[in-house]
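Participant: First the structure, which I've put down as structure tokens, then a few questions once you've had a look.
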Amino acid sequence: MPPASTARGSAYLNALAVEIEKKLQRALASATQRRNLLQELFADVALEVDDRAKDIIFGEEGAISVADDGYGGPLCFYDVLSDHFISMPESGKSILDLIVQLWSQSFASNIFALLFHKWLFEVQLDSPEVLLRYSSALVQGATNVFWIDIQTNTRRFQSLFKYLLEEVATQPERLKKLPIQAQRNLFLLLSRFIFFYDAVDKLQSFLKQFPDYPNAFLVGGGPDIFITELADQLQKLKVEPVLLHYLTQIKALQGVEFRMATSTKLKTCLYSFTSPGGPMYPTRAVRHAAWDALDFLFPVGRYPRHLISLFFRLLYPWYWPSSCWNFVVSCIQAVVYSVLRLVFSRWENLIKPRRPN
């Protein structure tokens, strides 16, 4: 993202920082309105930057180029403010002090993660206790905002995820600034959302940077821990488009080596989405996506799995009408598509000009 290239842009960001500070002061002074004020402030900093604000912050030329910045999601106010607090640390010092005083309140860690996720890796903190507190708040706040994206099936906080993945997790020098426990928690967090934010191209480099875990002897290395977190995440997803997206992206795991126990855990997780009813109650689309992912990642034993699944389906006669109906519809669609392809191919042959002898 281009920096605020004009004095007008810097003045505008300073004015925003003043307004943020005022709202935090009001939240600190009013115990009854504290949660509402912090929620409003969180919504404000997560708001998308409109065209008028872009013109002010970047100037007309910068506002045009910011569209090609590569965030992958909308440009929000926390994006420009997090850069502003790096270039002008004094502008964010009083805001940070107020957030620390509101540390235990809802949305405080969310606001800290959005506004100071870059600042944390650009400043030198001498106190290990302060660094651990900030690191823990960063991971907790990032977890909260990523789940907001999950629940709404949006990518408003994609730039935060990309920064943590590309500029921290895969950059050893920045990663070492975090305490070892914060490093572990950060990798667990990123493991849960890397498929949601379409970062499968960074998967191999991400797995290579996994820190050591105390229970690695029992659970395995980085890929095994990644699969464990991913399986747990899948079990928690309730938004159908998001779950379908995960089941599509999970095919990127082909070729990744992990333990037999981890393989069984992933198979069990995917298999739980292939049958209707409890405990997951997946839709038909989810069941088919789970079967596709399971057969793609574990082709050995594909047909016995389907036969076993069919046998268990026969034990639940109340599912027979819907299964028969879907089977008939699928057959009719296949026949219709085959006829249409045949008709169109012959039509193309008829209208295709013949070459002269």
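Participant: What residue, among those in region 28-57 that are assigned to a helix (DSSP H, G or I) and among the polar types (S, T, N, Q), is farthest from G9 (Cα to Cα)? Steps first, answer last, please.
Facilitator: Narrowing region 28-57 to residues assigned to a helix (DSSP H, G or I): 28-29, 34-45, 51-57.
Still in the running and among the polar types (S, T, N, Q): 36, 39.
Details: N36: 29, Q39: 26 Å.
Looking at residues that are assigned to a helix (DSSP H, G or I) and among the polar types (S, T, N, Q), I get N36.
Participant: Also, quick follow-up: Hey, can you tell me all the residues within region 98-122 that are assigned to a helix (DSSP H, G or I) and touching a Lys or Arg at 6+ places or on another chain (Cβ under 7 Å)? Walk me through it before giving the result.
Facilitator: Quick first cut of region 98-122, residues assigned to a helix (DSSP H, G or I) only: 98-101, 108-116, 119-121.
Passing the criteria: only F121.
Participant: Can you tell me which residue within region 250-280, out of those that are buried (at least 19 other Cβ atoms within 10 Å of the Cβ) and modelled with pLDDT under 90, is farthest from R305 (Cα to Cα)?
Facilitator: F258
Participant: Right, another one. Could you list, in sequence order, the residues of region 114-159 that are over 15 Å from the mean Cα position of the chain (by Cα) and basic (K, R)?
Facilitator: Across region 114-159, the qualifying residues are K118, R133.
Participant: In region 75-91, which residues are within 25 Å of the chain's Cα centre (by Cα) and not in a helix (DSSP H, G or I)?
Facilitator: Correct list: L75, C76.
Participant: Take region 148-181 and flag every residue that is under 17 Å from F206 (Cα atoms), of a type in the set (A, V, I, L, M, F, W, C) and either in contact with a Lys or Arg (Cβ under 7 Å, 6 or more places away or on another chain) or surrounded by fewer than 18 Cβ atoms within 10 Å (Cβ to Cβ) (or both).
Facilitator: Scanning region 148-181 gives L165, V168, I180.
Participant: In addition: Could we say that S94 is at negative phi, surrounded by fewer than 18 Cβ atoms within 10 Å (Cβ to Cβ), part of a helix (DSSP H, G or I) and small (G, A, S) here? Break it down stepwise before answering.
Facilitator: Values: at negative phi: yes; surrounded by fewer than 18 Cβ atoms within 10 Å (Cβ to Cβ): yes; part of a helix (DSSP H, G or I): yes; small (G, A, S): yes.
Judged against the criteria, S94 is a match.
Participant: What number of residues within region 97-132 satisfy the criterion of being of a type outside the set (A, V, I, L, M, F, W, C) and surrounded by fewer than 16 Cβ atoms within 10 Å (Cβ to Cβ)?
Facilitator: Filtering region 97-132 for residues of a type outside the set (A, V, I, L, M, F, W, C) gives 97, 101, 104-106, 109-110, 117-118, 122, 124, 126-129.
When the remaining residues are screened for being surrounded by fewer than 16 Cβ atoms within 10 Å (Cβ to Cβ), the result is 97, 101, 104, 106, 122, 124, 126-129.
Qualifying residue count, region 97-132: 10.
Participant: Within region 97-114, how many residues turn out to be of a type outside the set (F, W, Y) and closer than 15 Å to V139 by Cα?
Facilitator: From region 97-114, those of a type outside the set (F, W, Y) are 97-102, 104-106, 108-111, 113-114; that's our starting set.
With closer than 15 Å to V139 by Cα added as a condition, the list becomes 104, 106, 108-111, 113-114.
Residues that pass the stated criteria total 8.
Participant: Exactly one condition in (1) surrounded by fewer than 16 Cβ atoms within 10 Å (Cβ to Cβ); (2) among the β-branched types (V, I, T); (3) within 17 Å of R192 (Cβ to Cβ) is false for T283; which is it?
Facilitator: (3)
The values are calculated or read from the model by the stated rules, or taken from the named source; none is laboratory data. Bear in mind that the values here come from a model prediction, so they are computed numbers and not experimental data. Glycine also receives a Cβ, built like all others from the backbone with ideal geometry; neighbour counts cover every protein chain displayed.
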